[in-house]
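Here you go, one structure.
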Amino acid sequence: MALDHNAVGRTAGPTEVSWDSRDAMLYALGVGAGQADPFKELNLTTENSAGHEQVMLPVYGVVITQRASARPDMGAVDRTKLVHAEQGFTLHKPLPLQGTARVTGKITGIFDKGSGALVTTTADVVDAATGELLVSTNSAAFIRGEGGWGGDKGPAGPAPVPTRAPDVQVSSPTRDDQALLYRLSGDRNPLHSDPEFARRGGFEKPILHGMCTYGITSRLLIQAMCAGDPRKVKGMSARFTKPVIPGDELTVQAWVEGGVIRFRTLGAGGATVLDFGTLTLN
């Protein structure tokens, strides 16, 4: 099994995917909406509550790309050795609660990190009815054991978060069954549900989806920095640095710097699980 180093520039799609308001609510529940207070985030979790207009969490734009499975072939890699390393997205217009989109993915780089390879990809989400670009995403996957061939090490990473005390800090527990709930939004990777598969990947038990941690982080930032209004978010990016186990508490620290919000997320024991984060607002 080997990574195909000639895969840069390879594309997949377009692939069509549809969603509706039920998907929006299920995703919101999957990233913890309503867990602390079932009546606090009714604009995310219900469609018919008086005084609450249902809105879509912006990170669902990334979920659309995952559901579309527009993943270019990168070779016969061992999926138990692959972890999500980085994720970013930019919204070009607010996501509708119901729609159909065409998704196209592209491999943009393969970099030699010594102990493994970093594969970077992009995806475009285009409204199938209007042809308008809804979301652009960029991501990276780290594949253990696929490095050391003497290739390009890749560009420098993003700037670290500030060293001063955070301007905002907010915490939220995760449920023991958080991964089982989150996977219903489309990511059925057994690394997050099958104990035997997780052990083959080097984990004692199934870990939480990185995108679930990412989604919980975005929801907490929206509550703390956007008065609970997801429509204020333009984009978000972060690096995954350590796995989260379902049941762990997450703490998001944020700093306001000019026109952007820098953030990181801490997990069990204060370990950083998301780092180098940037949230941009409209």
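Does LEU281 satisfy the criteria of being crowded, with 18+ Cβ neighbours inside 10 Å and either of a type in the set (A, V, I, L, M) or in contact (Cβ under 8 Å) with a residue 60 or more places away in the chain (or both)?
In short, no.
Here is a follow-up. Might you check whether a residue that is closer than 20 Å to SER69 by Cα, out of contact with any Asp or Glu (no Cβ under 7 Å at 6 or more places or on another chain) and among the aliphatic types (A, V, I, L, M) occurs anywhere in segment 131-139?
yes
Would you mind finding the one in PHE203, PHE197 that is touching a residue at least 40 places away in the same chain (Cβ under 8 Å), in a loop (DSSP other than H, G, I, E, B) and among the aromatic types (Phe, Trp, Tyr)?
Every option except PHE203 fails the conditions.
Residues in segment 100-115 that are in contact with a Gly (Cβ under 6 Å, 6 or more places away or on another chain) and either at positive phi or hydroxyl-bearing (Ser, Thr, Tyr) (or both): how many?
Number satisfying all stated conditions: 3.
Sticking with this structure for a sec: Please work out which one of (1) modelled with pLDDT of 95 or more; (2) of a type in the set (A, V, I, L, M, F, W, C); (3) surrounded by 22 or more Cβ atoms within 10 Å (Cβ to Cβ) is the condition ALA70 fails and give its number.
(1)
Something else now. With (1) under 15 Å from the mean Cα position of the chain (by Cα); (2) of a type in the set (A, V, I, L, M); (3) assigned to a strand (DSSP E or B) as the list, and ILE216 as the residue in question, which single condition is left unmet?
With (1) under 15 Å from the mean Cα position of the chain (by Cα); (2) of a type in the set (A, V, I, L, M); (3) assigned to a strand (DSSP E or B) applied to ILE216, the lone miss is (3).
Moving to a separate point now. Somewhere in segment 3-22, is a residue closer than 30 Å to PHE276 by Cβ, crowded, with 18+ Cβ neighbours inside 10 Å and among the charged types (D, E, K, R)?
Within segment 3-22, none of the residues are closer than 30 Å to PHE276 by Cβ, crowded, with 18+ Cβ neighbours inside 10 Å and among the charged types (D, E, K, R).
Rundown of residues vs (1) under 14 Å from TYR182 (Cβ atoms); (2) not in a loop (DSSP other than H, G, I, E, B), yes/no style:
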| site | (1), (2) |
| --- | --- |
| LEU208 | yes, no |
| LEU220 | no, yes |
| ALA227 | no, no |
| VAL244 | yes, no |
| LEU250 | yes, yes |
| THR265 | no, yes |
| PHE276 | no, yes |
| THR280 | no, yes |
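Could you grab the pairs with beta carbons closer than 7 Å, sequence gap of 6+ or different chains, first residue in segment 237-263 and touching a residue at least 24 places away in the same chain (Cβ under 8 Å) and farther than 21 Å from ALA224 by Cα, second one crowded, with 21+ Cβ neighbours inside 10 Å and among the aromatic types (Phe, Trp, Tyr)?
Correct list of pairs: empty, since none qualify.
Moving on to the next point. In segment 112-131, which residue that is hydrophobic (A, V, I, L, M, F, W, C) and out of contact with any Lys or Arg (no Cβ under 6 Å at 6 or more places or on another chain) is nearest to MET25 (Cα to Cα)?
So, considering only residues that are hydrophobic (A, V, I, L, M, F, W, C) and out of contact with any Lys or Arg (no Cβ under 6 Å at 6 or more places or on another chain), the one nearest to MET25 (Cα to Cα) is VAL125.
Restricting to segment 23-52, and then to whatever is closer than 25 Å to VAL103 by Cβ and in contact with an Asp or Glu (Cβ under 8 Å, 6 or more places away or on another chain), can you tell me which residue is surrounded by the most Cβ atoms within 10 Å (Cβ to Cβ)?
Among residues in segment 23-52 that are closer than 25 Å to VAL103 by Cβ and in contact with an Asp or Glu (Cβ under 8 Å, 6 or more places away or on another chain), the one surrounded by the most Cβ atoms within 10 Å (Cβ to Cβ) is ALA28.
Taking interchain pairs and intrachain pairs at least six residues apart, which have beta carbon atoms under 9 angstrom, with the first residue in segment 71-88 and among the aromatic types (Phe, Trp, Tyr) and the second part of a strand (DSSP E or B) and surrounded by fewer than 16 Cβ atoms within 10 Å (Cβ to Cβ)?
Taking only residues 6 or more apart or on different chains, not a single pair turns up.
The values are calculated or read from the model by the stated rules, or taken from the named source; none is laboratory data. Everything quoted here is computed from the prediction, not taken from an experiment. All Cβ positions, even for glycine, are placed from backbone atoms using ideal geometry, and neighbour counts span all protein chains on display.
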